[in-house]
Amino acid sequence: MRRELVRALSLVSVAWLAAVFIAVAIGVRHEVDELMDGALQEAAEILYGLVALGNSSGPSTAAGSMLAPPHNEGLVWQVVDERQQVVLRSQQAPSSPLLPAFAAGLSDSPLDWRVYAMRLPAAGQALYVGQPVRDRVQSRYKATIVVGASALAVGILCVAWLRRRIVEAMKPLQELSLQVKHYDPMRAETDLPAPSREEFQDIREAIRELGHRLAGRVQGERAFSAHAAHALRTPLAGMEAQLAVAMKEASDSARPRLERTREAVHRLKRVVTSLLALFRSAEELNLEDIDVEELMLLLPVESLAVHVDPGCRVRGDANLLAAALANLLDNSSRHGARECWVSCRTEGDRQTLTLTDDGPGVTEAQRAALQLGLDHATDLDAGGLGLKLAALIARAHRGKLVIEPAPAGRTGLSVSIVLWADGPEEAGAGSSPA
Amino acid sequence: MRLLLVEDDEILGEGIRDYLRIEGHLVDWFTRLIDAQTVVSEPYDALLVDWQLPDGSGVDWVRRLRGKGMTLPILVMTARDLLSDRVTGLDSGADDYLVKPFETEELAARIRAVRRRFSGHGTPRVRIGSVEIDSNARAVSRGGKPVNLTAREWALLDALITRSGRVVSKSDLDALLTGFKGEAASNSLEVHVFNLRRKLGREIVQTVRGVGYRIPL
């Protein structure tokens, strides 16, 4: 904003100075002309008296000019007869008439003279008093330059002063902007200090009020998250412990059923973990460079052989991506896959983590419906919770989930978690999964 | 081992207690801190404490116990999985931190691990002369030949191994064997010590007259 203001001021100032200069030039020209015309006329009237005393008896040279010691003449004069012949002139007046024909008063000569003409008492004679146009132009120029330059200098000084005043006036606003940029309502040490200008006090209070409301909401959600975590995790742990005991005590015939129950508990555990991680990520992502191969080692992959491309790395929230991959692996396993291949691809900021399985896959119509449901998050029946969770996690990373048929040679599906499709996220910056 | 479990959830607490008993441990389970505090000074081998208890914070209790000089291995169990929570739990003095829901096999393994660290035995296998003891597998051999121990004999041997080099009082060992289920009422402590010596060699357990017993380092 400061730059815009200064730019506007500069443009206005330049335009103002140009207008002032033009006005000065016009005014000076008018005044100079008026002054010099007045002087010309006055000189003519004075000379009229002298010449009217009798020009035939006056001293003159052979060329008809009045005798006088050498001097510069700012004004020249001529006495011409009825035939426009010069009968008498000043020393530096031209020998040809200043005007081609008599025209009383002020007129411009084709010989670049400004001329004032008067009739003399003697019959047919006229007095021409002339001033070189060159002198007039020089006078205008000098006056314009002097006055214009003075006006310009004053104008430039005023602009510089105004610019500095604006910069100083904008400084508190810049400081406030910087403070707001670093303001974190969850951290008391970043609270906005009292502004140096009273007029910004209301803005500061409004921002702080908004921050307090936001902090209150975040704290409420965190507290809920903690309670929800306890309420969900503890019963799951209880189920797990009881099943472990039951499996130890059960007969051989009962053990398989208990094992399946335990698998269901593990799946529920993964979903709960994913949901809690998603809920928490609404505050901020914990971004890090992830070795996908190492991440896969931590995931439960019973009955599934997983092959990870060497050097497969992505940047993201490890907990969320682990939850997404766990859900996708679980999907593959439940839909009959026995092997999975995990690969990575990077194009600029965009990173793609693809999981391909050898399951039976789906028809093209089913695949398209799944993709549509995930893209618009409207069709609650399209795809299971695992896919939806993976899609939300991709969205939390400014990306999306893409479902495609497995590449040639394989029968199943390829599910790609595309990360940073909308540009990179700054580390620690928040991104809502919803 | 004799374990003190403080967990308010009935289903989880019962499951953990029963699983660890199957594993051969003696487990005293309480649902409230106030009840656990009355028995914590007894000779337990490890404490398993839930963070969020109805009458207080398990982590705060751990902090107080450490402040009083208690050195027993302590595992904190909790639904809190944030890094900050894990740091708080461990900084309170806990030796390990388990996030719910965990698998009971993992809980049992972590209990064995902290117990090994506490006893100075970095590995689950300990060798004393010709006797080799594998606490993970609960297997004992002498001269390469497996030796069968009863549950009480194993509990007694395990209690002495984890305090190897130190004298364990008779009263502590009696308390360990008290309330053991699944076997006929015991004879005296001396009978079990005699049986251990018979099976593993006289040198395995040393008598400290008037005080108790110890296994030499």
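Readers should treat all values here as calculations from the given coordinates under stated rules, not as data from a laboratory. Not measured: the values here are computed from a predicted model. So basically every Cβ, Gly included, is an ideal-geometry build from the backbone, and we count neighbours across all protein chains shown.
Percent of Cα-Cα pairs more than 32 Å apart in the protein assembly as shown, please. Above the 32 Å cut-off, the protein assembly as shown has 71 percent of its Cα pairs. The distance linking segment B:1-68 with segment A:185-215 is 47 Å (Cα centroid to Cα centroid, whole angstrom). Ranked by the mean number of other Cβ atoms within 10 Å per residue, highest first, peptides B:191-204, A:33-46 order as B:191-204, A:33-46. Ellipsoid fit via the Cα gyration tensor, segment A:64-183: semi-axes of 64, 14, 9 Å, each the root of five times an eigenvalue, largest first.
Note on segment A:187-281: Rg/Rh from Cα positions, Kirkwood definition for Rh, rounded to two decimals, is 1.39. Projecting the Cα atoms of A:Ile203, B:Gly210, B:Ala139 onto the dipole axis of the protein assembly as shown, where Lys and Arg carry +1 and Asp and Glu carry -1 at the beta carbon, places B:Gly210 farthest toward the positive end. Sorting the Cα pairs of segment B:125-214 by distance into bins of 10 Å, from 0 upward, gives 16, 54, 29, 2 percent per bin. For segment A:127-237, would you read off the P(r) tail past 17 Å as a percentage of all alpha carbon pairs? Taking all Cα-Cα pairs of segment A:127-237, the fraction more than 17 Å apart is 75 percent. For segment B:35-159, the alpha-carbon coordinates run over 50, 29, 22 Å along the three principal axes, in decreasing order. Under 5 Å between amide hydrogens, built in the peptide plane, is the criterion, and for A:Ser109 it picks out A:Arg114, A:Val115 among residues at least 5 positions away or on other chains. Taking the Cα centre of the protein assembly as shown as the origin and placing charges on Cβ (Lys, Arg +1; Asp, Glu -1), which of B:Leu33, A:Leu419, A:His266 is farthest toward the positive end of the dipole? Value: B:Leu33.
Counting every pair of alpha carbons in segment A:285-434, the share spaced more than 25 Å apart comes to 22 percent.
For the segment B:91-104, counting C-beta atoms of other chains within 10 Å of every residue's C-beta and taking the mean gives 4.
The calculated P(r) of chain B, using every Cα pair and 10 Å bins from 0, goes 8, 34, 35, 18, 5, 0 in percent. Computed about the Cα centre, the dipole magnitude for segment A:144-302 is approximately 400 debye when only Lys and Arg (+1) and Asp and Glu (-1) carry charge, each at its Cβ. Over 31 Å apart at the Cα level, from the set A:Lys181/A:Lys269; B:Lys68/B:Lys170; A:Lys248/B:Lys68, are A:Lys181/A:Lys269; A:Lys248/B:Lys68.
Could you give the dipole magnitude of the protein assembly as shown about its Cα centre, charging the beta-carbon of Lys and Arg +1 and that of Asp and Glu -1, in debye to the nearest 20? It would help to have the intermediate numbers written out before the result.
Numbers: 78 positive and 84 negative charges, 432 e Å.
Here the size comes out at about 2080 debye.
Per-residue ellipticity at 222 nm, computed for the protein assembly as shown from helices alone with -39500 (n - 2.57) per DSSP H run of at least four residues, works out to -16500 deg cm²/dmol. The aspartates and glutamates whose alpha-carbon is closer than 14 Å to the alpha-carbon of A:Lys388, local same-chain residues fewer than 8 away aside, are A:Asp330, A:Asp375, A:Asp379.
Charge dipole (Cα centre; +1 on Lys/Arg Cβ, -1 on Asp/Glu Cβ; no other charges) of segment A:187-281 amounts to roughly 620 debye. For the protein assembly as shown, taking a cut-off of 4.7 Å between Cβ atoms, the unpaired cysteines are A:Cys158, A:Cys340.
Along the axis of the charge dipole computed for the protein assembly as shown (Cβ charges of +1 for Lys and Arg, -1 for Asp and Glu, origin at the Cα centre), the listed residues B:Trp61, A:Ala215, A:Leu152 are led at the positive end by B:Trp61.
A:Leu389 sits among other residues whose Cβ lies under 11 Å from its own Cβ, and their net charge, with Lys and Arg +1 and Asp and Glu -1, is +2.
Take each peptide in A:20-26, B:12-18, count the other Cβ atoms within 10 Å of every residue, and average; sorted highest first, the result is B:12-18, A:20-26.
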